[in-house]
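What follows is one structure encoded as structure tokens, with my remarks underneath.
The values are calculated or read from the model by the stated rules, or taken from the named source; none is laboratory data. Computed from a predicted model, the values in this text were never measured in an experiment. So basically every Cβ, Gly included, is an ideal-geometry build from the backbone, and we count neighbours across all protein chains shown.
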Amino acid sequence: SSQLYRKLNGVLCIYKPPHVSPRQCVNGIVQQLCDSLNDGPFEPTRPFTEVIRQPAAIEQPSHEQTQIGSPASPAASVESISHRLVARPDLRSLSQVAGPAFVPGSSFPFTVADPLSDWCSGVQLVGLGRRGIIACELLERQRLLKVYRVRAVLGRATHDCTGDGTIVLRTTWRHVTPAMLERVCTVVEAGYKRQLLAGLRNNTRAAYAALAAEGGSVHRAARQHLGGPSVYAMRLVAWDPPGFELEFHVLHETPGFLLELVADVGTRVKSSAFCARIRRLRHGPFSAAKHSLLPEEVTLNSAISNLSWLPRLMPKLVVGDEELPEAVLTAAEPLDSSLKPAPSNKKQRRKKSRAAVELNETTTESLKMSD
């Protein structure tokens, strides 16, 4: 059991069901792991060595030494004591005395990376142990791209934009078509994409390199110019009037951002809408279909095999056995020098333009001299 316990140290990917808080879901999983470890075979208890002192036989003096007036022998007045080592089982290590060896809380410290709301479902990353907690902190600092599938309903608006809220408005929805929703999705996506690329100058090499890359450079530029959530992609995936489903690829999102975004989509199509269901399909490289485990499926073997996904998907975030310094966790991510904004001072721009003109003149003169 102790060997299995040492392996339960890393990032666990689970699928959180709806209407359950992330901490409550993880507490149930940790309780299952503790019960499995306590039911397993224990290592043999270390024997307790006890020293027993036993008095030896007293030497009886002879008849001549015990006559009246004769001095008593020293062996007749001193007892010899013998010591014996006895190995006994240590009762303090028995489970009947000390209780279960693995207890939730003290045995399994955990944290949750980017926790979902109670009524949402989907991929949830949980850090078990010291290495898992540090890895989750590093994952949160990376601000990975997340994919959500949102089920919305047209014609009604609630006070909190959810299906459990109080209805405050009823509108018509039969004029809404899939083409209208796709057009709105394109407009919203273009607006957020313009903000994502705010740190890049048009028609520059850095801008083309950022657009051709996977998206990491664009994300780093967005951290400098955009503090709030943003939409990287948005599309209509299902149409079942009055319901429809949207897929969002978002960055820096908050729990209420998707709710407000769906309500804004309903307003743009001249109707109203509220969220009926939100699922997180992907958290960075972790997907719900391939890497997540249901709470009922979590066992010792499945948890240990699931913990091995992080070293394979993100090897740069693997935390070793040594303790990381605090500066690593608190240091901000350095920005790429090529993604710095254009200088706002007009004099600096003029100096750069003059330097470029002089460079062109020198190159043309050198070419003429060579001819």
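Search region 14-59 for residues being of a type in the set (V, I, T) and at pLDDT 80 or above, and hand back the single one that is surrounded by the fewest Cβ atoms within 10 Å (Cβ to Cβ). If you could, list the steps in order and put the result at the bottom.
Of all residues in region 14-59, those of a type in the set (V, I, T) come to 14, 20, 26, 29-30, 45, 49, 51-52, 58.
Next, from what is left, pick out any that are at pLDDT 80 or above: 14, 20, 26, 29-30.
Working: I14: 25, V20: 16, V26: 24, I29: 23, V30: 22.
Residue satisfying both the conditions and the ranking: V20.
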Original post:
Given the conditions (1) under 13 Å from the mean Cα position of the chain (by Cα); (2) over 18 Å from P295 (Cβ atoms), which single one is not true for H159?
Top reply: (1)
Subject >> Exclusive hit being part of a strand (DSSP E or B) and of a type outside the set (A, V, I, L, M, F, W, C), set G127, G132, G165 >> reply: G127
Subject >> Candidates A152, A157 - the one that is of a type outside the set (D, E), touching an Asp or Glu at 6+ places or on another chain (Cβ under 8 Å), buried (at least 18 other Cβ atoms within 10 Å of the Cβ) and assigned to a strand (DSSP E or B) >> reply: A152
